[in-house]
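What follows is a short report on a single structure.
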2 protein chains.
Amino acid sequence: MITSRDVARLAGVSQPTVSRALRDDPKVSEATKQRVREAALALGYAPNAIGRALSVGRSTRVGLVVTDLENQFYAHVIAPMHHELERLGYELVLITESSESAPVAEHVTAHGLCGVVLATTTVESVVPVRLQDRGVPFVYFNRTSQSVQADAVTVDPENGVRELLEDAIGKGHRRIGAIFGPRNTSTGEQRENAVHAVLDEHGLALAHRDVRHGPFDFRTGHEGLRALLDRADPPTLVLCGNDVVALGALNAAAELGLAVPDDVSIAGFDDLPTSSWALIRLSTVAYDLDEMSREAARLIVARVERPDAPPAHPVYPTRYVARATIAAPRP
Amino acid sequence: MITSRDVARLAGVSQPTVSRALRDDPKVSEATKQRVREAALALGYAPNAIGRALSVGRSTRVGLVVTDLENQFYAHVIAPMHHELERLGYELVLITESSESAPVAEHVTAHGLCGVVLATTTVESVVPVRLQDRGVPFVYFNRTSQSVQADAVTVDPENGVRELLEDAIGKGHRRIGAIFGPRNTSTGEQRENAVHAVLDEHGLALAHRDVRHGPFDFRTGHEGLRALLDRADPPTLVLCGNDVVALGALNAAAELGLAVPDDVSIAGFDDLPTSSWALIRLSTVAYDLDEMSREAARLIVARVERPDAPPAHPVYPTRYVARATIAAPRP
DNA sequence: CTGAAAGCGCTTACAG
DNA sequence: CTGAAAGCGCTTACAG
């Protein structure tokens, strides 16, 4: 391995001077900076991040905590977040929260991460408390938690849900069902509340037997739709907790030989790229997930660099994207 | 931060003894191991990976180099690879190879990765050479390169392609087109060669105008299908370089108002989960991508731990999965 | 079986 | 403006 010592020798300066010169420390003269840069280039030297991390007491690596790496939702979080972190000089490390793996907080301190983005926190999770105890900076992504104050980036479902439901109600839907996300996530709860609120304004309500809950995954939608429609008097519209759930529902409908939207209407939430495919055309609620993901990257970096700044909580607006899965119910 | 020094103080031993005890060094007595473990537990101590990395001269973090994090193919690589690496006590770090970012080899040494998995190497890439120059262990994933010898895990397309083509030819397809992957990847080339070989055996060939090439992404399939079918005398079957390309083709067909497989048959390669959706039912070539991804994790770890072992190159077999996108062409 | 010493590659007061 | 010294949290010969 080639180190700053090697560069120092070649440039004829001391090792600390190499360190300063390469970080463009104003106290170093231009002339020696020049010499050091040339030596570094000649040797193909780049400062070692591990030495630096140990020395300054923190790394430039942030963890992203997720539960389900196969879930396509996360691909669209990871890509922009990774890109933004890289731009800011940080690295992205994936952490999955599973029963087998070490508890998140321990993992983070043991691996020397400087901060973490929590993308799958449940309402009752102890992770935020543990992180706080250990003094690890973190931000909530697409989640919040009452227990611990922290930066958060979330979505306000209200507008999108309202526009969607008003379209659906206008088309004649009265009997509405739902396959919501997990009750123990702020996201799931918030979307559910938005639905109840808007329906209530229109004098409508979800019948208890028309509602299902489950993790935000394909299977939840797949099984949920079968459960809701395998009855004499099914709902005419099924709202889904997110697009991945809706994709499961859409495919279940196809398996049941049901035409969407002629036999049943289906709605999603997230507007993932897949949802706009010609073969899918899912009517859904959209927001700027790319920008949210980048914003989370910026927030965690800001938090790491200035731990005492007041917490920020940007909230992203939503809008309805009408495509081909909501139509008037059969008379 | 709580360190081995703190644990030492509490346990009444020296700091190095803590280090040894926690790594279960046989030279430490059971009694003091016990005492040290208790102290560590009481303080919530876990050895700091950064200190360790600096001390032993290498980290336990392996990089996965990809070009396109949004591509769903990679989600199905990242998840099992991450899981297996974690099981082996290693971390997964994502590296995207883009013009903006620092060259891969520099990134790797600067960030102190112990090894890397190359999942998107082109045939002419200089990355393998650079890594070799710097003495960084790496393994090719779903790729190989002539330039530098290294561990590799790849797929043998031959059997799957043969089974698929024999089915298609048996159904009556003679005029066959293709949207292959990039010519400058071993994977693209190998699959293309397999197609030519099998067709040749059957006295068939691809007409030059029925062939397109492009990156392994949705757009390649989407645009490729339009280009191939927007003619008086189009092919009756379009082979795609992989499933993501085929998904693009399938959707393009839908947009053109073409029924698959009635108006045109389409085939993929990879058998991603999406391909088995009721709404997709893509006929494709399957292999064990999960196991391949785990195997790559095992190979890079083995290489890091025993740099002088002879290179391994497991090759995974393929098989045809007939679903609903290949049928007899219209008479 | 255990401790004192040295060192991994950096950064950062402290002198000069 | 630059260097010598100390230290970040570990591991690893080396003594004993």
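Quick check on the range B:158-286: take the gyration tensor over C-alpha atoms, sort the square-rooted eigenvalues as a ≥ b ≥ c, and tell me if it's rounded (a/c under 1.5), prolate or oblate.
Verdict is rounded for the range B:158-286.
What are the label-to-label distances in nm, one decimal and shortest first, from B:Ser55 to the same spot in the other copies, with labels 7 Å along Cα to Cβ?
In ascending order, 2.0 nm.
Let a ≥ b ≥ c be the square roots of the eigenvalues of the Cα gyration tensor of the range A:101-146; is it rounded (a/c under 1.5), or, if not, prolate (a/b larger than b/c) or oblate?
Since a/c reaches 1.5 and a/b is larger than b/c, the shape of the range A:101-146 is classed as prolate.
Tell me, what are the semi-axes, in whole angstrom and largest first, of the equivalent ellipsoid of chain B as set by the roots of 5 times the Cα gyration tensor eigenvalues? Walk me through the intermediate numbers first.
Numbers: eigenvalues 498, 74, 56 Å².
Computed over chain B, the values are 50, 19, 17 Å.
For B:Glu223, place a label point 7 Å from Cα along the Cα-to-Cβ direction in every copy; what are the distances to the other copies, in nm, shortest first?
4.3
Over chain A, calculate the relative contact order: mean separation of alpha carbon pairs under 8 Å at least 6 apart, over the residue count, as a percent.
Details: 628 pairs, mean separation 57.4, N = 331.
With pairs under 8 Å counted, the relative contact order is 17 percent.
Within the set of other residues whose C-beta is less than 11 Å from the C-beta of B:Ala253, count the net charge using Lys and Arg as +1 and Asp and Glu as -1.
Charge balance near B:Ala253 sits at -2.
May I ask you to order B:179-188, B:6-15, B:244-253 by the average number of other C-beta atoms within 10 Å around their residues, highest value first?
On the way: B:179-188: 20.5, B:6-15: 17.3, B:244-253: 27.1.
Going by the mean number of other Cβ atoms within 10 Å, highest first, we get B:244-253, B:179-188, B:6-15.
Can you give the mean number of other chain Cβ atoms that lie within 10 Å of the Cβ atoms in peptide A:254-262?
Values: counts 5, 3, 1, 1, 0, 0, 1, 0, 0.
Going residue by residue through A:254-262 and averaging, the value is 1.
How large is log10 I(q)/I(0) at q = 0.12, 0.18, 0.21, 0.24 Å⁻¹ when the Debye formula is applied to the Cα atoms of the range A:51-113, each weighted equally and without solvent?
-0.34, -0.72, -0.91, -1.06
Using each residue's phi in the range A:311-321, evaluate 6.51 cos²θ - 1.76 cosθ + 1.60 at θ = phi - 60° and report the 3J(HN,Hα) Karplus result to the nearest Hz, with x for Gly and Pro.
Karplus-based 3J(HN,Hα) across the range A:311-321 equals x, 9, 8, x, 10, 9, x, 10, 9, 7, 10 Hz.
Under the rule of at least 5 residues apart or a separate chain, name every residue whose amide H is placed under 5 Å from the amide H of B:Thr185.
B:Val123
How big is the dipole moment of the protein assembly as shown about its Cα centre under a simple scheme where the beta carbon of each Lys and Arg is +1, that of each Asp and Glu is -1, and everything else is neutral? Debye, nearest 20, please.
The calculated dipole for the protein assembly as shown is roughly 1900 debye.
Springs between alpha-carbon pairs under 10 angstrom, Gaussian network model over chain A: which of A:Arg298, A:Arg219, A:Arg23 fluctuates most?
Fluctuation is largest for A:Arg23.
How big is the charge dipole of the range B:168-260 about its Cα centre, in debye rounded to the nearest 20, if each Lys and Arg gets +1 on its Cβ and each Asp and Glu gets -1 on its Cβ?
160
For B:Phe138, which sequence-distant residues (separation of 5 or more, or a different chain) have an amide H within less than 5 Å of its own amide H, given hydrogens modelled in the peptide plane?
Correct list: B:Val116.
For label points placed 7 Å from Cα toward Cβ, what is the shortest-first list of nm distances from A:Ser29 to its copies?
6.1
Just to be sure I understand: of the beta bridges DSSP finds with both ends in the protein assembly as shown, what percent are antiparallel, rounded to 5?
Percent antiparallel among DSSP bridges in the protein assembly as shown is about 10.
List every residue whose amide H lies under 5 Å from the amide H of B:Val321, counting only residues 5 or more places away in sequence or on a different chain, with H placed 1.01 Å from N in the peptide plane.
For B:Val321, the qualifying residues are B:Thr284, B:Val285, B:Ala286.
Classify the protein assembly as shown as rounded, prolate or oblate from the Cα gyration tensor: take a ≥ b ≥ c as the square roots of its eigenvalues, call it rounded if a/c is under 1.5, otherwise prolate when a/b beats b/c and oblate if not.
Oblate, since a/c reaches 1.5 and b/c is not below a/b.
So if I place +1 on the C-beta of Lys and Arg and -1 on the C-beta of Asp and Glu, and nothing else carries charge, what would the dipole magnitude of the range B:4-47 be about its Cα centre? I want it in debye, nearest 20.
For the range B:4-47, the charge dipole is close to 100 debye.
Could you put B:Ile2, B:Ile326, B:Ile169 in order, starting from the residue whose Cβ has the fewest other Cβ atoms within 10 Å?
Ascending Cβ contact count within 10 Å gives the list B:Ile2, B:Ile169, B:Ile326.
Cα centroid distance between the range B:203-268 and the range B:123-147, in Å?
After rounding, the separation between the Cα centres reads 32 Å.
Could you state the angle between the C-alpha long axis of helix B:30-43 and the longest principal axis of the C-alpha atoms of chain B, as a value from 0 to 90 degrees rounded to the nearest 10?
Result, in degrees: 70.
Find me the longest stretch of chain A that has none of the exposed GluC sites (Glu not before Pro), where exposed means in a DSSP loop (not H, G, I, E or B) with at most 10 other Cβ atoms within 10 Å.
Counting at most 10 other Cβ atoms within 10 Å as exposed, the longest clean stretch of chain A is A:125-331.
By how many degrees, between 0 and 90 and to the nearest 10, does the Cα long axis of helix B:186-201 differ from the longest principal axis of chain B?
30
Under the Karplus relation 6.51 cos²θ - 1.76 cosθ + 1.60, θ = phi - 60°, what is the ordered set of whole-Hz ³J(HN,Hα) values for the range A:47-64, x standing for Gly and Pro?
x, 7, 5, 6, x, 4, 4, 5, 6, 7, x, 7, 8, 10, 10, 10, x, 10
What does DSSP give for chain A in terms of the percent of beta bridges that are antiparallel, rounded to the nearest 5?
10
Would you work out the relative contact order for the range B:69-160, in percent, from Cα pairs under 8 angstrom that are 6 or more residues apart?
18
Could you state the angle between the C-alpha long axis of helix B:72-87 and the longest principal axis of the C-alpha atoms of chain B, as a value from 0 to 90 degrees rounded to the nearest 10?
Taking the Cα atoms of chain B, the angle to B:72-87 is about 30 degrees.
Among B:Phe216, A:Phe141, A:Phe269, which comes first, then next, by fewest other beta-carbon atoms within 10 Å?
The fewest-first ordering by Cβ neighbours comes to B:Phe216, A:Phe141, A:Phe269.
Counting only C-alpha contacts under 8 Å and six or more residues apart, can you give the relative contact order of the range B:4-47 as a whole percent?
42
For B:Lys171, list the aspartates and glutamates whose Cα falls under 16 Å from its own Cα; do not include residues on the same chain fewer than 8 positions away.
By straight Cα distance, B:Lys171 reaches B:Glu163, B:Asp262, B:Asp263.
Report ³J(HN,Hα) in whole Hz for each residue of the range A:234-239, in order, from the Karplus equation J = 6.51 cos²θ - 1.76 cosθ + 1.60 where θ = phi - 60°; Gly and Pro get x.
Each residue of the range A:234-239 in turn: x, x, 8, 9, 10, 7 Hz.
Compute the distance from the alpha-carbon center of the range B:280-331 to that of the range A:24-99, in whole Å.
32
Within 11 Å, Cβ to Cβ, of B:Ser125, how many net charges do the neighbouring residues add up to if Lys/Arg are +1 and Asp/Glu are -1? Mind dumping the intermediate values first?
Numbers: positive: B:Arg130, B:Arg143; negative: B:Glu97, B:Glu124.
Once all neighbours under 11 Å are counted, the net charge is 0.
Any read-out appearing in this document is the output of simple, stated calculations on the displayed coordinates, not a laboratory observation. Quick caveat: nothing in here was measured; it's all calculated off a predicted structure. Positions of Cβ are generated from backbone atoms using ideal geometry, with glycine treated the same way; all protein chains shown enter the neighbour counts.
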